[in-house]
1. Restrict the check to segment 164-179 and report whether at least one residue is over 18 Å from the mean Cα position of the chain (by Cα) and surrounded by fewer than 12 Cβ atoms within 10 Å (Cβ to Cβ).
2. Output the residues belonging to segment 44-92 that are farther than 22 Å from Trp25 by Cα, assigned by TED's automatic domain parsing to the domain that holds Gln114 and touching a residue at least 24 places away in the same chain (Cβ under 8 Å).
3. Over 29 Å from Thr155 (Cβ atoms) and of a type in the set (Asp, Glu): does that describe Glu59?
4. Could you grab the pairs with beta carbons closer than 6 Å, sequence gap of 6+ or different chains, first residue in segment 207-218 and in the same structural domain as Ala156 (by TED's automatic domain parsing) and farther than 16 Å from Asn197 by Cα, second one modelled with pLDDT of 85 or more and part of a loop (DSSP other than H, G, I, E, B)?
5. Of (1) closer than 28 Å to Tyr165 by Cβ; (2) at pLDDT below 95; (3) surrounded by 11 or more Cβ atoms within 10 Å (Cβ to Cβ); (4) not assigned by TED's automatic domain parsing to the domain that holds Asp204, Phe6 satisfies all except one. Which?
6. Regarding Tyr107, is this residue buried (at least 16 other Cβ atoms within 10 Å of the Cβ), assigned to a strand (DSSP E or B) and over 19 Å from the mean Cα position of the chain (by Cα)?
Amino acid sequence: MAVNSFNLAPDQRAERKLLITVCEWEDANGSVYVKLESKPVDWDTNYASYYVESGSSYEANASSTWSDATNYYKRVNRTIMGKRTPDSSIEYNVDSETSTDILGFNYTDVNKTQPQQSFDPHLILGGDKFSEKLNDIRRRNALSELQQFTLYIITAFIGDSSSGYDTERHTGCTILYDSIGGEDNVNFPLTAYFSNNITLGKVDKLADDFTFTPDITI
């Protein structure tokens, strides 16, 4: 497989904002409905998988008639991680063993990586559905639900808006809250643990409503 090139000029430094972590989750009451801007290519055969607005809720579309104004698609919840966090890195925690053979040469065996990323501070902000989700888990002490997140690592310095940006998707990830409180503002610091159950692919935009297209599963 060819190695994809950086979309940077020679010696240009990649800005930190081009390494993006996105969290995705599903819940019974938190689905996001987005109005369709144009008729989907699979509308004629798959119209029932789209939705129409019904009062304050949404219901599956029962008609194959296309309308620009009334049809929606449902996507899971997503948030771009790191708002108000000034410094955060993905730590890979490499498990390795180094040995020396009888000729005096050193060899290092890499057994596994255990990537994680901490966000501190992670402030409680109005309108933050992810913090609402995590705080609800904390209140109910529903610890098993902490292991049901999907995390994306988008390397926006590889690719572009026409060909897509290189991305890895980790499913079955765990996010733990470390504490809650603080001095002037309520801080809710957390640590995200990546699963290493990886699907490589691309996203079509640098926003939380992106479409992820799988490439190779490793």
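The values are calculated or read from the model by the stated rules, or taken from the named source; none is laboratory data. Small disclaimer: the values here were computed from a predicted structure and weren't measured. All Cβ positions, glycine included, derive from the backbone under ideal geometry; neighbour counts span all protein chains shown.
1. Yes, segment 164-179 contains at least one residue that is over 18 Å from the mean Cα position of the chain (by Cα) and surrounded by fewer than 12 Cβ atoms within 10 Å (Cβ to Cβ).
2. Glu91
3. yes
4. So the pair list comes out as Phe210/Asp204; Thr211/Asp204.
5. (2)
6. Taking the combined requirement at face value, the residue does not satisfy it.
Listed here are the residues, each with its yes/no results for (1) on the phi > 0 side of the Ramachandran plot; (2) among the charged types (D, E, K, R); (3) touching a strand residue (DSSP E or B) at 6+ places or on another chain (Cβ under 8 Å).
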site	(1), (2), (3)
Ala14	no, no, yes
Leu19	no, no, yes
Glu24	no, yes, yes
Ala60	no, no, yes
Phe105	no, no, no
